[in-house]
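Here's the structure, in structure tokens; my notes come after.
Nothing in this text is a laboratory measurement; each read-out follows from the coordinates by a stated rule. Since this is a predicted model, take the numbers as computed values, not measurements. Every residue, glycine as well, gets a Cβ built from its backbone with ideal geometry; the counts of neighbours run over all protein chains shown.
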Amino acid sequence: MSRFFSIKELYNESSCSHSGDKEKKNICERLHPGSSISDCALEGAFKFLSSYEDCAHLIYSSSTCFTTTSIEKSSQPQHSNYFCSNLDLNDIIFGGASKLKLQLDHIVTLCQPKVVFIYITCVTSLIGEDVDAIAQQKQQEHGILIVPILAAGFLGASNFGARIASMTLCEHLIGLKELAKETAYDVNLISCDASSEEMKIYCDLIESIGLRVLATFGRGNSIEPILSAHKAKLNIVISAKPLATMARKMEEIWDIPWVQVSFFGKYATSDALRTIAEVFNDGKLSRNTQKVIAFEEKKLAEQLELFKDSLYAKKVLINLQGTLSWAYIPLLRELDMHVVATSIENITEDDKEQAIRLLLGKGMFMYEPENEQMDIIEEEKIDLLITNSDNVYAAVQTKIPFLNIEKAKEKNYVGYRGILEFAYILENTLKNPLFKIVYREAPWLG
């Protein structure tokens, strides 16, 4: 479908340390018949692009697609620019091209977007319609960008969908517009699943040391800055290994260097700022960066003293999915808490190595957490379980406090302020009287 990149190329990312290693099973690997995943490429592609409010999003799919239904429920009424083709049996058998053309006309008239993204799903990719040709025809008629996204769920998991969407931006949007005013300190931020608040924290930190954020990928209000993203002097990939492909491609085409950093924890944040500043080889920028780091670390140390007694030496077990399995380890350590074990199931080999590097000799790794976590909680006398909605049962059965990170993600734990937020919610969780009340034996059983 694309002459710019191939799906096969995306499965074998050259910047990944395990590229071409047949013995390693990583997230880039194609799904096999009978395998199951918690989300799919469509969901990842939509999440990556849906925050741009001046764009319209058309999911070219039948209404029976599970992911389409989930997106529809979660997107309304936040996204009035979201649409679904709702293809019926006749459309699938005889072709839905005429319906797609009418829908594109309607969307352009109704929303007047700067870009329309068409998400090609499992069914519509299999019936073999030339969506590219339809998009080009309507683009010429209406004079706006109409971009097909090959986001069939069977291609891979959510991270892979974000990778496809990012590469499609490289092919169709980046480089279409020149900057009115260019500086030597322009940077792009690339993130996979950052919230709006997290992206704002990243931007504030980057700008505090003297850089200018040109475009934000993965979370932004307008698509306009993306068109000029090729003028950046550095791409900053933030805790988003799946998007390394995009950064590498932009380096090949526009000669933009890139760094991969994390803002989870005080030390990671300080190291990230230093790493970014070093790329520019500018003495003034480096000195300013050191001043910002010193000021923020001193202020944070004073504020964290309030939580020292309640969090010190508490034992924590982490059972999450993806990069989060290791990302919270530095935060917990900086709060003087003891991470006893973390799950390393369903994560990339690079993320697995990150977890091992952080915890080797200091904790345990759960390869099958659903079978291991109960025993670890009881044997190690765990004080707190950090988990998601699927694994809360382990804390309930063993009667210990738990932090459901999916709910807690309403707060932001990145940057210096993020550590303070995390300490606050951990203290509240451990001291929450509700756990004692709920876990108390029922009176009629006594």
message: Just to check I understand the Karplus step: with θ = phi - 60° and J = 6.51 cos²θ - 1.76 cosθ + 1.60, what whole-Hz values come out for segment 215-229, glycine and proline as x?
response: 9, 10, 9, x, 6, x, 8, 10, 7, 3, x, 4, 5, 10, 5
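If you rank Ile92, Ile405 by fewest surrounding Cβ atoms within 10 Å, what's the result? Let's see the in-between values first.
Numbers: Ile92 14, Ile405 19.
Going from sparsest to densest Cβ surroundings: Ile92, Ile405.
For each pair in Lys231/Lys352; Lys47/Lys249; Lys352/Lys431; Lys266/Lys381, compute the distance between the two Cα atoms and list the pairs where it is over 23 Å. Provide the component values of the computation, followed by the final result.
Working: Lys231/Lys352 34 Å; Lys47/Lys249 21 Å; Lys352/Lys431 32 Å; Lys266/Lys381 28 Å.
In this structure, Lys231/Lys352; Lys352/Lys431; Lys266/Lys381 exceed 23 Å between Cα atoms.
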- request: Compute the FRET efficiency between Lys436 and Gln290 as 1/(1 + (r/R0)^6), taking r as their Cβ-Cβ distance and R0 = 41 Å, and round to the nearest 0.05.
  value: 0.30
message: Going Cα to Cα from Lys284, which aspartates and glutamates come in below 13 Å? Please leave out same-chain ones fewer than 8 positions away.
response: none
task: Hey, can you grab everything whose amide H is under 5 Å from the amide H of Asp54? Only 5+ residues off in sequence or another chain; H modelled, so Pro and N-termini drop out.
output: Ile223
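Please find the FRET efficiency linking Leu445 to Asn371, where r is the Cβ-Cβ separation and R0 is fixed at 41 Å, and quote it to the nearest 0.05.
On the way: r = 29 Å, r/R0 = 0.70.
It comes out at approximately 0.90.
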- line: Helix 97-111 sits off the longest principal axis of the Cα atoms of the chain, rounded to the nearest 10 on a 0 to 90 degree scale, by 70 degrees
- prompt: With θ set to phi - 60° and the Karplus curve 6.51 cos²θ - 1.76 cosθ + 1.60, what are the ³J(HN,Hα) couplings of segment 365-380 in order, to the nearest whole Hz, using x for Gly and Pro?
  reply: 10, 9, 7, 10, x, 5, 9, 9, 5, 4, 5, 5, 4, 6, 6, 8
query: Given labels modelled 7 Å from the Cα in the Cβ direction, how far is it in nm from Ser98 to Val396?
result: 5.2 nm
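Does the chain classify as rounded, prolate or oblate by the C-alpha gyration tensor (a ≥ b ≥ c root eigenvalues; a/c under 1.5 gives rounded; else a/b over b/c gives prolate, otherwise oblate)?
On the way: a/c = 1.94, a/b = 1.33, b/c = 1.46.
Oblate is the answer for the chain, as a/c is 1.5 or above yet b/c matches or exceeds a/b.
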- line: Heads up, segment 189-244 by the C-alpha gyration tensor (a ≥ b ≥ c square roots of eigenvalues; a/c under 1.5 rounded, else a/b over b/c prolate, else oblate) looks rounded
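If you put +1 on each Lys and Arg Cβ and -1 on each Asp and Glu Cβ, how big is the dipole of segment 186-303 around its Cα centre, in Debye rounded to 20?
Details: 15 positive and 16 negative charges, 37 e Å.
So the magnitude is around 180 debye.
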field: Cα-centred dipole magnitude for the chain, charges only on beta-carbon of K, R (+1) and D, E (-1), debye, nearest 20
entry: 760 debye
Span from the segment 223-239 Cα centroid across to the segment 370-445 one, whole angstrom: 38 Å
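Could you tell me which of rounded, prolate or oblate describes segment 312-410, using a ≥ b ≥ c as the square roots of the eigenvalues of the alpha-carbon gyration tensor, with rounded for a/c under 1.5 and, failing that, prolate when a/b is larger than b/c and oblate otherwise? Write down the numbers at each step before the final one.
Details: a/c = 1.30, a/b = 1.20, b/c = 1.09.
Taking the square roots of the gyration eigenvalues as a ≥ b ≥ c, segment 312-410 is rounded.
In percent, how large is the relative contact order of the chain, given Cα pairs closer than 8 Å and 6 or more residues apart? Present the calculation step by step, with values, prior to reporting the outcome.
Values: 728 pairs, mean separation 59.4, N = 446.
The value is 13 percent.
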message: Rounding to the nearest 10 and keeping the result within 0 to 90°, find how far the Cα-based axis of helix 66-75 lies from the longest principal axis of the chain.
response: 80 degrees
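Nearest 500 deg cm²/dmol is fine: what mean residue ellipticity at 222 nm does the chain get from its DSSP H runs of n ≥ 4 alone, each adding -39,500 (n - 2.57), divided by its residue count? Don't jump to the answer; show the numbers that get you there.
Numbers: 21 runs with 215 residues, N = 446.
-14500 deg cm²/dmol, from helical runs alone.
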statement: Placing +1 on each Lys and Arg Cβ and -1 on each Asp and Glu Cβ in the chain, then taking the dipole about the Cα centre, the residue among Ser166, Pro443, Leu179 whose Cα reaches farthest towards the positive end is Leu179
- prompt: Which angle between 0 and 90 degrees, to the nearest 10, do you get for helix 415-431 versus the longest principal axis of the chain when only C-alpha atoms count?
  reply: 50 degrees
query: How large is ³J(HN,Hα) for each residue in segment 276-286, as worked out from phi by the Karplus curve 6.51 cos²θ - 1.76 cosθ + 1.60 (θ = phi - 60°), to whole Hz, x for Gly and Pro?
result: 5, 5, 4, 4, 7, 6, 10, x, 5, 5, 5
query: Once Rh is set to the Kirkwood radius over Cα pairs, what Stokes-Einstein translational diffusion coefficient, in µm²/s, holds for segment 322-377 at a temperature of 37 °C and a viscosity of 0.692 mPa s?
result: 288 µm²/s
message: Give me log10 I(q)/I(0) at q = 0.11, 0.19 Å⁻¹ for segment 186-303, Debye formula, one equal scatterer per alpha-carbon, no solvent.
response: -0.34, -1.02
